[in-house]
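Visitor: Next up is a structure, given as structure tokens.
The values are calculated or read from the model by the stated rules, or taken from the named source; none is laboratory data. Model, not experiment: these values are computed from the prediction. Because the Cβ atoms are built from the backbone with ideal geometry, glycine has one as well, and the counts that use them run over all protein chains shown. In case anyone asks, the SASA skips ligands and DNA or RNA and just uses the protein heavy atoms, side chains included. Shrake-Rupley method; radii C 1.70, N 1.55, O 1.52, S 1.80 Å.
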Amino acid sequence: MGKTADVVAWAPGRINVIGGHTDYNGGLALPGAINRWISVALHARSDDSIRVRSLDFGGELTGTAESVRPTDASWSRFVAGCLAVFGERVALPSGFDAVFTGDVPDGAGLSSSAALSVAWMTALREWTGAPIDDLDLVRMAQAVEHRFLGVKCGLLDQIGSLMATPGGLLLVDFQSLTVAPVKVGLTDIRWVVLHSGVRRELASSSYLDRVDECAEGLLRVQQRDPSIRTVRDVTPDVLEPDRIGERRLRHVLSENARVLRAVQAVEAGDAETLGVILGEAHASLRDDYEVSCAQLDWLVESASRHPGCYGARMVGGGFGGCTLNLVRADQTESFIESTLSAYRSRCSETPRSFAFDLVAGADANSF
Ligand code: GLA
């Protein structure tokens, strides 16, 4: 850009300790933000031209607030979407030049896409000074996914990326949209992410299938019992789990209960119990929700056999991406090394790993 930034904004990727596929079902989850970020630097112009470059992927998005259209670069759909959705709320004061960069692995289930749209929304909010509160901002970032990417996601990723607290987790209730900080009492542990090397981009259509199956499951239950309004009114005994939609709901109900047990274990510093709960969550995602894959199952099983690992589960949308592992701090290296070398000898995909810290949500500065 060769200019000084007027605004710099950054948004982290997120991890979800537990609460998989509960967000669009009005359930519970326990996300936190990880020390991988996407940052946007923006310099206001005196005319109405907009020019955005990705430092990592190349390509340029150009035009004005009215004319900007996505190009072939997949990132441009997010950025053009952010400009359109934000522009519907607040007129931009002028054009701008901007660049962005980041280190959130993409296609990994760590929400690089939410980090991208939350970083952009945060930059635009900071620049315009618009009175948009955090819940509004996450809804706007979600609208970008719905309208410009065709992914009917819930709010988990956006809330994790924007509202997380340093060192802590968030108990999110997606029915009441309340977000409560959870203190992490665990000591001598590391959160380790293992990337299966299976990209999960193609998963969006199966993701949409799950959204539809749950809606259909709820409808069936409501036909049998009209007093049921939402998934939260459903109890396991009314489900007929040989029907796909109701089996999906069985996962959501059991997962909501696990989230509450996990919160207690996290606060009490009980890594053993939390590890068991993670394993149960994985089994439910694999069997009732059917969003795992052979590589993720292998990673989870192998991790659970390692003496340094309390428990593991797949994270994110599924069908690839990463597992989350709760590991004894002093065995982190040996855990990663032995699990990944065994994985390499069995699977053709190239795995990756990192241990992360829980960090604060997105923020911005003006200069
Ligand atoms: C993806 C979606 C989220 C959530 C998770 C599964 O990350 O974007 O909204 O549904 O999958 O928990």
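Visitor: Helix 332-346 against the longest principal axis of the chain: what's the angle in degrees, Cα atoms only, rounded to the nearest 10?
Guide: The angle comes out near 80 degrees.
Visitor: Counting only heavy atoms of the protein chains, get the accessible area per residue of the range 275-343 (1.4 Å probe) and round it to a whole Å² value. Intermediate results must be reported in sequence, preceding the final value.
Guide: On the way: 2200 Å² over 69 residues.
With the other protein chains kept in place, the range 275-343 gives 32 Å² per residue.
Visitor: Quick check: from the Cα gyration tensor, does the range 7-182 come out rounded (a/c under 1.5), prolate or oblate?
Guide: Values: a/c = 1.85, a/b = 1.70, b/c = 1.09.
In terms of gyration-tensor shape, prolate.
Visitor: Tell me, what is the percent relative contact order of the chain, built from C-alpha pairs under 8 Å that lie six or more residues apart? Walk me through the intermediate numbers first.
Guide: Values: 819 pairs, mean separation 91.2, N = 367.
Reported as a whole number, the value is 25 percent.
Visitor: How large is the accessible surface per residue of the range 7-182, computed with a 1.4 Å probe and reported in Å² as a whole number?
Guide: Details: 5940 Å² over 176 residues.
Computed with neighbouring chains in place, this is 34 Å² per residue.
Visitor: Taking the dipole about the Cα centre of the chain, with the C-beta of Lys and Arg at +1 and of Asp and Glu at -1, give me whichever of GLY316, PHE356, LEU149 is farthest to the positive side.
Guide: LEU149
Visitor: Another question about this same structure. Give me the distance in nm between label points sitting 7 Å out from Cα along the Cα-to-Cβ direction at ASP209 and ALA180, one decimal.
Guide: So the label points at ASP209 and ALA180 sit 3.7 nm apart.
Visitor: Let me ask another. At what distance in angstrom do the alpha carbon centres of the range 279-329 and the range 36-94 lie from each other?
Guide: About 37 Å separates the Cα centre of the range 279-329 from the one of the range 36-94.
Visitor: If you don't mind, there's one more thing I want to ask. Please determine, in degrees from 0 to 90 and to the nearest 10, the orientation of helix 134-144 with respect to the longest principal axis defined by the Cα atoms of the chain, where the helix direction is its Cα long axis.
Guide: 90 degrees
Visitor: Let me ask you something else. Rounded to a whole number, what % of the accessible area of the chain do carbon and sulfur atoms account for, probe 1.4 Å? Show your work: numbers first, answer last.
Guide: Details: 7260 of 14830 Å².
Exposed carbon and sulfur together represent 49 percent of the surface.
Visitor: Test of understanding: in a Gaussian network model of the chain with alpha carbons linked when under 10 Å, which of PRO351, PRO93, PRO241 would top the mean-square fluctuation ranking?
Guide: In this elastic network of the chain, the residue with the biggest mean-square fluctuation among PRO351, PRO93, PRO241 is PRO93.
Visitor: Give the accessible area for THR235 in Å² (nearest 10); use a 1.4 Å probe, count only protein heavy atoms, and leave out ligands, DNA and RNA.
Guide: Accessible surface of THR235 is approximately 60 Å².
Visitor: Could you rank ARG45, ARG89 by how accessible they are, 1.4 Å probe, largest area first? If you can, show how the numbers build up before the last one.
Guide: Details: ARG45 70, ARG89 115 Å².
Output order, biggest surface exposure first: ARG89, ARG45.
Visitor: OK, next. With a cut-off of 8 Å between alpha carbons and a minimum separation of six or more residues, what is the relative contact order of the range 7-182 in percent?
Guide: Working: 371 pairs, mean separation 54.1, N = 176.
With pairs under 8 Å counted, the relative contact order is 31 percent.
Visitor: So what are the ³J(HN,Hα) numbers for the range 241-257, from phi and the Karplus equation (6.51, -1.76, 1.60; θ = phi - 60°), rounded to whole Hz, Gly and Pro as x?
Guide: x, 6, 8, 4, x, 7, 5, 4, 5, 4, 4, 4, 5, 5, 5, 4, 5
Visitor: Moving on. So what's the projected area for the range 189-359, the Cα convex hull averaged over all directions, in nm²? The partial results should precede the final answer.
Guide: Numbers: hull surface 43.3 nm².
Taking the Cα atoms of the range 189-359, their convex hull projects to 10.8 nm² on average.
Visitor: Shifting gears a bit: Any chance you could run the full-extension gain for SER46 through LEU260? It's 0.36 nm times the residue separation minus the Cα-Cα distance, nm to one decimal.
Guide: Numbers: separation 214, 0.36 × 214 = 77.04 nm, distance 5.21 nm.
Length gained between SER46 and LEU260: 71.8 nm.
Visitor: Moving to a separate point now. Quick check for me: using +1 on Lys/Arg Cβ and -1 on Asp/Glu Cβ, what's the dipole size of the chain about its Cα centre, in debye to the nearest 20? Don't skip to the answer; put the middle values down first.
Guide: Details: 35 positive and 47 negative charges, 49 e Å.
Here the size comes out at about 240 debye.
Visitor: Calculate log10 I(q)/I(0) of the chain for q = 0.08, 0.11 Å⁻¹, where I(q) comes from the Debye formula with a single equal point scatterer on each Cα and nothing for solvent.
Guide: Cα-only, vacuum Debye calculation for the chain: -0.40, -0.75.
Visitor: Kindly express, to the nearest 10 degrees and within the range 0 to 90, the angle between helix 112-128's C-alpha long axis and the longest C-alpha principal axis of the chain.
Guide: 40 degrees
Visitor: Calculate for the chain the 222 nm mean residue ellipticity that helices alone would give, adding -39,500 (n - 2.57) per DSSP H run of length 4 or more and normalising by residue count, nearest 500 deg cm²/dmol.
Guide: -13000 deg cm²/dmol
Visitor: If I ignore ligands, DNA and RNA and count only protein heavy atoms, how much of GLU301 is accessible to a 1.4 Å probe, in Å² to the nearest 10?
Guide: Taking all protein chains as shown, GLU301 has close to 90 Å².
Visitor: ARG77: accessible area at probe 1.4 Å, nearest 10 Å²?
Guide: Approximately 100 Å² of ARG77 is accessible to the 1.4 Å probe.
Visitor: Ok, one more. Using the Karplus curve 6.51 cos²θ - 1.76 cosθ + 1.60 with θ = phi - 60°, what ³J(HN,Hα) values do you get for each residue of the range 86-103, in whole Hz, with x for Gly and Pro?
Guide: So the J values, rounded to whole Hz, are 5, x, 5, 8, 9, 6, 6, x, 6, x, 7, 10, 8, 10, 9, 8, x, 9.
Visitor: While we're looking at this one, here's another question. Under the 0.36 nm per residue contour assumption, what length would be gained going from the current alpha-carbon distance of ASP188 and PHE367 to full extension? Please list the in-between numbers first.
Guide: Numbers: separation 179, 0.36 × 179 = 64.44 nm, distance 3.95 nm.
So the extension gain works out to 60.5 nm.
Visitor: Same structure, new question: Determine which residues of the range 122-165 fall in the zone a paramagnetic label at ALA91 would reach in this model, i.e. backbone nitrogen under 14 Å from the point 7 Å along Cα→Cβ.
Guide: No residue passes the distance filter.
Visitor: Calculated FRET efficiency, GLU60 and ARG147, Cβ-Cβ r, R0 30 Å, to nearest 0.05? Walk me through the numbers on the way to the answer.
Guide: Numbers: r = 23 Å, r/R0 = 0.75.
Once the sixth-power term is evaluated, E becomes 0.85.
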